[in-house]
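The values are calculated or read from the model by the stated rules, or taken from the named source; none is laboratory data. Since the model is a prediction, treat every value here as computed from it, not as a measurement. Cβ coordinates were reconstructed from backbone atoms using ideal geometry, including for glycine residues, and neighbour counts include every protein chain displayed.
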Amino acid sequence: MSAQISDIPTAVFSQDYGTPEEFRKRKVALISGITGQDGSYLTELLLEKGYQVHGIIRRSSSFNTNRLHHLYTDQHERPNKLHLHYGDLTDSTNLVYIIATVKPTEIYNLGAQSHVKVSFEMAEYTGDVDALGTLRLLDAIRTCGLEKHIRFYQASTSELYGKVVESPQSETTPFYPRSPYGVAKLYAFWITVNYREAYGMYACNGILFNHESPRRGRTFVTRKITRAAAEIKLNLQNCLYLGNLDARRDWGHAKDYVEGMWRMLQQPEPEDFVLATGETHPVREFVEKSFAAVGKTIRWEGKGTEEVGICTDTGKVVVRVDPKYFRPAEVELLHGNPAKAERILGWKRKVDFDSLVKEMVKADLQAAGNLIVDQN
Ligand code: NDP
Ligand code: GDR
């Protein structure tokens with residue numbers, strides 16, 4: 001016997017929130033993952049647009065709000081529109097409490113264990129946070145009886161495409177994830193679609209291709225490369241060790257991509273969108289361009305794990321392959337087609353590949369330079 005509609009759990013905390021239109025006029029955003037790369041750029045954007053911004057941060061024994069430092073002020077000293085709450089995507093009660101208190105008009109679910117390689121080592125945890133964490137957040141909205149009031153953005157990913165079935169990849173390309181991270185995000189993608197269809201929620205997936213910036217985490221390949229190019233230039237590091245040099249990615253700038261997230265939540269109807277540049281480049285090229293940005297030319301010699309990158313002016317080996325960075329299953333090619341977002345959202349990336357590399361290298365040169373000053 002199929003379930004009666006009355007069997008489906010519904011709001012626990014029903015309040016009169018007014019009509020969704022009146023409610024949304026308040027412009028209050030809640031961001032999970034606010035301390036991450038995208039969270040910091042999105043916070044800047046939303047504050048500029050006059051939103052009150054609330055973010056969920058994890059308790060950590062070390063300081064984890066560096067990327068928000070320039071935006072956050074102690075509310076006692078200088079009140080502003082940014083508020084931080086301790087929480088975690090693994091803690092349902094906490095999510096319900098935050099949503100019931102903040103009553104956000106928009107939720108951006110950016111929180112995730114976002115490293116693909118790490119997801120092979122922490123597969124269960126990645127599933128808990130990235131897959132079930134999304135479900136917990138969606139259910140917390142329903143528990144508060146706010147499913148018709150809150151607009152929900154899910155940080156979906158080009159990792160859903162995984163193994164190449166077609167290129168470039170668009171909203172209609174079939175998914176074939178290749179990592180525990182990709183599989184967890186597949187669940188999150190479909191639970192977002194399901195809650196949209198089942199409960200009439202305004203819930204969207206942004207299927208975002210790789211986006212980088214000077215605020216990118218240091219273990220992702222782009223930042224690892226730009227930092228090494230800067231430190232090798234300043235004699236602070238001898239050699240950069242990488243995994244698969246032939247993987248190709250569609251790399252854009254994070255600042256452009258958070259603008260697309262916001263636009264997805266301002267449409268008349270919720271839909272899923274790809275954000276990408278429409279170009280693809282191999283890791284090898286990212287290395288060459290980064291070293292070029294510090295005035296060095298790289299010559300490649302050898303094959304497979306024996307391949308090395310040699311700096312032509314000094315003759316020194318500055319890049320080596322270390323198989324420890326290979327993945328048990330690799331995503332060889334990502335190449336996105338952003339036509340739908342360009343047409344419907346009027347979104348287009350502004351920063352091109354060369355400018356992205358130069359901006360990241362410049363920031364890392366500055367940081368490395370400061371390190372030398374500090375040491376002296
Ligand atoms: P980051 O790794 O820089 O940030 C991840 C954020 O999630 C951090 O704030 C982190 O907190 C938080 N987080 C991790 N675990 C939990 C948890 N259990 N509960 C609550 N918060 C948690 O990622 P990005 O900013 O680069 O990416 C943002 C989102 O977009 C992620 O979901 C990512 O998977 C997705 N994505 C990213 C793309 C990219 O190219 N950058 C492309 C497509 C999708 P803490 O600082 O404490 O670690
Ligand atoms: P990705 O980003 O896996 O695409 O996930 P990452 O920068 O980690 O890897 C990109 C490609 O570079 C190859 N690679 C290396 N990667 C890392 N991290 N370190 C290395 O030393 C190295 N050498 C080569 C990788 O094998 C891979 O092919 C990112 C994350 O932000 C996800 O959260 C997001 O969903 C996707 O982008 C879209």
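Brief remarks follow.
- Cβ pairs under 6 Å, 6+ apart, first in the range 55-67 and in the same structural domain as Q37 (by TED's automatic domain parsing), second near ligand 1 (Cβ under 8 Å from one of its atoms) and in a strand (DSSP E or B): I56/S32
- Residue in the range 354-367 that is in a loop (DSSP other than H, G, I, E, B), in contact (Cβ under 8 Å) with a residue 24 or more places away in the chain and crowded, with 16+ Cβ neighbours inside 10 Å present: no
- Residue tally, condition modelled with pLDDT of 95 or more, away from ligand 1 (no atom under 16 Å from the Cβ) and of a type in the set (V, I, T), over the range 142-186: 3
- Across the range 209-265, the number of residues qualifying as within 14 Å of ligand 2 (Cβ to nearest atom), touching a strand residue (DSSP E or B) at 6+ places or on another chain (Cβ under 8 Å) and polar (S, T, N, Q) comes to 3.
- Among the residues examined, E330 does not qualify as acidic (D, E) and within 25 Å of E259 (Cβ to Cβ).
- Here T19 meets each of (1) surrounded by fewer than 17 Cβ atoms within 10 Å (Cβ to Cβ); (2) in contact (Cβ under 8 Å) with a residue 60 or more places away in the chain; (3) not aliphatic (A, V, I, L, M) with one exception, condition (2).
- Qualifying residue in the range 210-217 (condition: farther than 19 Å from K185 by Cβ, surrounded by fewer than 22 Cβ atoms within 10 Å (Cβ to Cβ), modelled with pLDDT of 95 or more and within 18 Å of the chain's Cα centre (by Cα)): yes
- Those helices (runs of 4 or more DSSP H) of the range 1-110 in which at least 3 residues are within 16 Å of ligand 2 (Cβ to nearest atom) and modelled with pLDDT of 95 or more, considering only elements entirely within it, cover 37-48.
- The residue that is surrounded by the fewest Cβ atoms within 10 Å (Cβ to Cβ), counting only those in the range 280-326 that are within 16 Å of ligand 1 (Cβ to nearest atom) and outside any helix (DSSP H, G or I), is H281.
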